[in-house]
Structure formats: structure tokens, C-alpha cells
Amino acid sequence: MIENINKEIFKYRRIFLALISLVFLLQIFGLNIVIGYLVGSVVFRLLNFIDPFSFVEVLMASRGFTSVLFISLVPVLLLYLVFGRSFCGWICPLDWIFETIDSLKRTRRIRGKIKVKNYALTDGGLSEKEKYGYLAFGVAILILIFDYLFQVPLFSRYFSHLTNIFRFTVSSSYMSFNIFLFSFGVLTSLVFVEFFMPRVWCRYICPVGIVYGIFNKFSLIKLKFAKVEDCSFCHLCVEKCYMGVDLIGKIERLKNGEDSKVILRAVECIYCGECIRACPNSIIKIVLK
Amino acid sequence: MKRRSFIKILSFAVSSLLLTATDYALYLYGRKGREAENLPPPLFRLFKDRLSDIRPPGAVYENEFKAKCIGCSVCINICKNLGYKSLSLKVGLSDFGTPVVDDMRNHPCTLCMECVKVCPTGALEKVHKERVKMGIALIDFELCLGWNGDVCLSCSKACPFGASVFEFYNSDWGNQPYINENCKGCGLCVKYCPVGGSAIRVVRIDDYEKVKSKYLSEFKLLLGMEHAKRYELVYSNIPKIMERGKIYDREYQ
């Protein structure tokens, strides 16, 4: 069990993200390490994987039990019971795309209807998290209700960014041009939303992310706070956290004794490591135990 | 900084446009060599083209299939990687993103059953080749050479199940092949038929059940027809076959 994951690893996160997407894209050239897309895939033609939200969608839509479905879930379950919501920070191609877009806008502060100011939570009063934090659960539940009533896995088959991003790039003579245009449309809408309302998709809408977020509640990986006396409240951690984890709140509660557990299991945390790299006093740690 | 971000956005837009253009070009290239699409498909008179799509082998019952298929495209990708290219993505309303066998003429299913092994949700069930029921192949008696005065064995030679599926009613008018209900619907016979645009068509079982009595009655009528009438019929079919002969898309052996 790893007590503290080294700070240096997080420097290579974006490269890892790009590499994972590359492995999927290699299918075009016939290199079959993985076949399929992030919604469902086969590794070395042996191990089936399926996205957990798609798993639940198929359960709802088919209203029954299929053994193959459960077998495909097992590798994913095992992986994310250890790593929690790291999917969002280390595998999802949209994270890479969104970060590229965000880096284009560093000099301008764009305020959409939902005020997100450099990703920081507003102090005092109702934060965005309390107002909209449960939106993602609502979206996921609405989709699942639709799936049950109409017997169609709506999100996975039509709108899932995990499929559409690869249909947009891998599509060729064996897919129709209409599909390419559709995927292009889905992706462009997400990019457009990101440009004006940074990370609203990831924080408040994406149903795939919220299912992984539930894994955070019992995963092996978690946030740990050490030496909270040294915290100077510089707020660099919440400034860098684009998922809206309430780090300062936790540190305050630890300092004044309201909370005694040094562990934080936040549903939003994607273990990107930005807070760890930002903190000058090395208070925040990510642990695997 | 402003200029740099402008260049970044511009390069993103240009690369998207280039990707779209390349994709469209590949799509148009993929449609090359399908001149036979201008003629009515075989058995058009029976179906008037209101047919449902053929699903990959091992597919569960249609409503359940639409509930289970998540559009992950693993089956399509593996079919392409093995070189068969039979499966493609359907664009529809309720079955958007599901796999179909759309071009039996050029890329039939070879029943390798690899797609079944990799489906993560069980929309394609692991069944043996023998129990596959993708559909049934129906011979168009107006277009088939074996029913209009010649002896052609191409379809039966292509069939992986041979004698268990094909029956021959040899007569003066040709070897008169008939495909019985053991047919799995793989479509190999469709590909190897020398008539331009094929004289065989694979249809789903439920579509077949709707026209079964009409099809069988035509079959029985032809078998029992007396000589003079049959002569007239065959000689009226010949121009239709000749028209398809102008489409050079298969070698006649």
C-alpha cells in the first residue's frame, strides 16, 4: 500500500492521457492492442471492458440479467475500486481537450451564467457546489429512467463523448458520413460549452463521471491532509482544482477540531494532482491504502 | 498572447475541416463500384424494399438487441481488422449506432464468429455457427440463370453449408436451385452470384414469414408449369438478366 504518491508523477499526467487516447486511435492502423472505444472495449482480444454507467444503462434498458455484461464489468470494477475517479483525470480524452481549451483562455475571465472564477469556490454563502453539485446525479437518474421506460441505452449509444470522440477521428469508409457529422456535432457542442463555462460538463453534467465519483467513497485511493498547522491559507489549491473539491473547508474543519479524520473522500476529486503541485507546504497528499 | 491563441483556434478549425474533407472523400471512394444500385434489387416485387436490417450473427431478438447494444463498435472494428468489413454502423432513429450487415453483395458475413466473442454487453450471444439465424437467402426466379435455361452452381459452391441448405430440381430449364430453411443467412451466395447485382437476397426471418406463401406458390407454379408457358416466361426474363449482365461486377465461370 502506498503511503504517499510521489509529487513528480503528476507532471506526466497529460502525457499519459494523450497516450491512452493514442492506443485507441491506433486501431485505424490495424494495431490491435485495444479494440473498441472507451464505452466498451477488448484488450488483446481477451479481456472485455465496459464503462460502469453503460453497464447500469444496459441493466435498465434490458430489464434483466446478462452474464456477459457482468463479466465485462469485473475488470473495470477492480480497477476503479483501487483508483476511484482517476478515470476522469487520467484516461478521459475530454480532460485533455478541455485543458487545452482552458489554456487558451488564461488571460480572459469568461463568466457564463454559472459563475466560475478561476475554478475557485466562492467563500461564504452558497457555493456553486451546494447549488449545483447534485445536478450530475439528477442527470444520471433522469437518463436511467428514460432507459428503463423506452428500453434504449440513450446516453451510451447516442451522446456519450467517449464513443463520439473516437467516431469523429477513427471513422472512415466503414462508417457513414452522417455518423461522422453527428459525432462532430456532439464534440463541437462540448467544446463550445467548455469555452464559455469551464468544466461545467465534468462537474455538473457528465453521468459517467458521477458514477466513477461514487467509487471514490470506497476506493483505496483518497486524499490525505498532513501537518494542517502549516497551512497558510494561500488558496492556491482551490484555485488550481478545476473540479471544485472543498479543500479549504476540510482544512478549516481539521484545524478547529470539528473533523478528526485526516482522510477526504470527495466525489468530485479526480486525483489530477494539481493541488499537490500547487501547495507550497506539501499539506495535501494522495494515498493508496 | 492574443495572436497566439488566434493561431491555435485557427489551426484547430483548419484541422477539423481537413478531417471532415478527408472523411467525405473516403466515404465517396467507398461507394465506388456499386453501379448495380441503380437497378431494382432482386425480389423487389415481393418486398418493395420495406425490409429490416440484417444483424450480426448471434444477435438476440430485435427489441432486446436495441436495449443491449451500447454502440461501442467493438464488433465492427474487429470485423474490419480481420479484413471482412461486413459490419457497419446504422444511422437511424431507434437503432442509431447499432451494427448491421448492409452490403451482402460485396462484404457478406463469413461466420467467423469473432464479433460474438468480443461483444461486452451480450447483445451478440455466443452460439455455434450452426445455430445462427441472421436471415434466409431467397433466390429470385426471374433473374437466376439456373431457373432460366442454364446450369450455374456458383451459389451452392459458395455456401459453407452446401448440401444441407441447397436442393436442386434439375430439369430442361436448368438446375433450378432452391435454398431451404436451414439457411443461416450469411450472404456468401449473394456475393458469388454471377448475375450483376445478384439474383439472391438475404432477408430477416420475420420478413420472410410475411411473404412465405407467395414465394412458395411461385416456386411450385414454376415447377409444375407446362412447356409452352415456361418458354414464354423464360424468354421474357432473359432481357432482365441481360441488362444486369451489362454490369461487369463478377466473373461468370
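Suppose the filter is facing chain A (nearest Cβ under 10 Å), surrounded by fewer than 22 Cβ atoms within 10 Å (Cβ to Cβ) and either outside any loop (DSSP other than H, G, I, E, B) or aromatic (Phe, Trp, Tyr) (or both); does B:LYS117 pass it? Spelling it out, B:LYS117 is indeed facing chain A (nearest Cβ under 10 Å), surrounded by fewer than 22 Cβ atoms within 10 Å (Cβ to Cβ) and either outside any loop (DSSP other than H, G, I, E, B) or aromatic (Phe, Trp, Tyr) (or both). Tell me, which residue of region A:56-69 that is facing chain B (nearest Cβ under 8 Å) and on the phi < 0 side of the Ramachandran plot is surrounded by the most Cβ atoms within 10 Å (Cβ to Cβ)? Here the residue is A:GLU57. Quick check, is B:CYS144 without any contact (Cβ under 8 Å) to a residue 60 or more places away in the chain and under 19 Å from the mean Cα position of the chain (by Cα)? The answer is yes for B:CYS144.
Residues of region B:167-200 that are open to solvent by 20 Å² or more (accessible area, probe 1.4 Å) and among the hydrophobic types (A, V, I, L, M, F, W, C): B:PHE168, B:TRP173, B:LEU188.
Just give me the residues in region A:240-277 being of a type in the set (Lys, Arg) and touching a residue at least 24 places away in the same chain (Cβ under 8 Å), in sequence order.
Listed by number, the residues that qualify are A:LYS240, A:LYS250, A:LYS255, A:ARG265, A:ARG277.
Residue-wise test of (1) facing chain B (nearest Cβ under 8 Å); (2) of a type in the set (Val, Ile, Thr); (3) buried (at least 16 other Cβ atoms within 10 Å of the Cβ).
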site: A:LEU22; (1), (2), (3): no, no, no
site: A:GLN27; (1), (2), (3): yes, no, yes
site: A:LEU31; (1), (2), (3): no, no, no
site: A:VAL34; (1), (2), (3): no, yes, yes
site: A:VAL39; (1), (2), (3): yes, yes, yes
site: A:VAL43; (1), (2), (3): no, yes, no
site: A:ASN48; (1), (2), (3): yes, no, yes
site: A:PRO52; (1), (2), (3): no, no, yes
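Every listed requirement among (1) farther than 18 Å from B:ASP103 by Cα; (2) part of a loop (DSSP other than H, G, I, E, B); (3) out of contact with any strand residue (DSSP E or B) (no Cβ under 9 Å at 6 or more places or on another chain) is met by B:GLU181 save one, (3). If you take the residues of region A:227-251 that are surrounded by fewer than 16 Cβ atoms within 10 Å (Cβ to Cβ) and part of a loop (DSSP other than H, G, I, E, B), which of them is modelled with the highest pLDDT? Ranking the candidates gives A:SER232 first.
Go through A:CYS279, A:CYS272 for me and flag whichever is buried (at least 20 other Cβ atoms within 10 Å of the Cβ) and more than 30 Å from A:LEU142 (Cβ to Cβ).
On the way: A:CYS272 fails: more than 30 Å from A:LEU142 (Cβ to Cβ).
On inspection, the qualifying residue turns out to be A:CYS279.
Per-residue answers, yes or no, for (1) more than 14 Å from every other protein chain (Cβ to nearest Cβ); (2) in contact with a strand residue (DSSP E or B) (Cβ under 9 Å, 6 or more places away or on another chain); (3) modelled with pLDDT of 75 or more:
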site	(1), (2), (3)
A:GLY125	yes, no, no
A:TYR132	yes, no, no
A:PRO153	no, no, yes
A:ILE165	no, yes, yes
A:PHE192	no, no, yes
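Regarding region B:200-221, can at least one residue be identified that is in a loop (DSSP other than H, G, I, E, B), modelled with pLDDT under 95 and under 22 Å from B:SER154 (Cα atoms)? No, because not a single residue in region B:200-221 is in a loop (DSSP other than H, G, I, E, B), modelled with pLDDT under 95 and under 22 Å from B:SER154 (Cα atoms). Among the residues making up region A:57-93, those that are in a loop (DSSP other than H, G, I, E, B) and β-branched (Val, Ile, Thr) are A:THR66, A:ILE91. Kindly indicate whether any position in region B:113-132 is touching a Pro at 6+ places or on another chain (Cβ under 7 Å) and farther than 30 Å from A:ILE71 by Cα. Looking through region B:113-132, none of the residues is touching a Pro at 6+ places or on another chain (Cβ under 7 Å) and farther than 30 Å from A:ILE71 by Cα.
Residue-wise test of (1) closer than 23 Å to B:GLY83 by Cβ; (2) free of Cβ contacts under 8 Å to residues at least 24 places away in the same chain; (3) within 14 Å of chain A (Cβ to nearest Cβ).
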{"site": "B:PRO99", "(1), (2), (3)": "yes, no, yes"}
{"site": "B:ASN106", "(1), (2), (3)": "yes, no, yes"}
{"site": "B:ASP140", "(1), (2), (3)": "no, no, no"}
{"site": "B:ASN175", "(1), (2), (3)": "no, no, no"}
{"site": "B:CYS189", "(1), (2), (3)": "yes, no, no"}
{"site": "B:SER198", "(1), (2), (3)": "yes, no, no"}
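Of everything in region A:153-162 that's in contact with an Asp or Glu (Cβ under 9 Å, 6 or more places away or on another chain) and under 19 Å from B:ALA123 (Cα atoms), which residue is most open to solvent (accessible area, probe 1.4 Å)? The qualifying residue most open to solvent (accessible area, probe 1.4 Å) is A:LEU154. Criterion applied to B:GLY92, B:GLY83 was being within 13 Å of chain A (Cβ to nearest Cβ), open to solvent by 10 Å² or more (accessible area, probe 1.4 Å) and more than 30 Å from A:LEU154 (Cβ to Cβ), and the one residue passing it is B:GLY83. Among residues of region A:1-28 that are in contact (Cβ under 8 Å) with a residue 24 or more places away in the chain, those with a beta-carbon under 7 Å from a residue that is among the small types (Gly, Ala, Ser) and part of a helix (DSSP H, G or I) at least six positions away or on a different chain give the pairs A:ARG13/A:GLY89.
The values are calculated or read from the model by the stated rules, or taken from the named source; none is laboratory data. Worth saying up front: this structure is predicted, and the values here are computed from it rather than measured. So basically every Cβ, Gly included, is an ideal-geometry build from the backbone, and we count neighbours across all protein chains shown. What goes into the accessible areas is simple: the full protein's heavy atoms, side chains included, and nothing from ligands, DNA or RNA. Shrake-Rupley method; radii C 1.70, N 1.55, O 1.52, S 1.80 Å.
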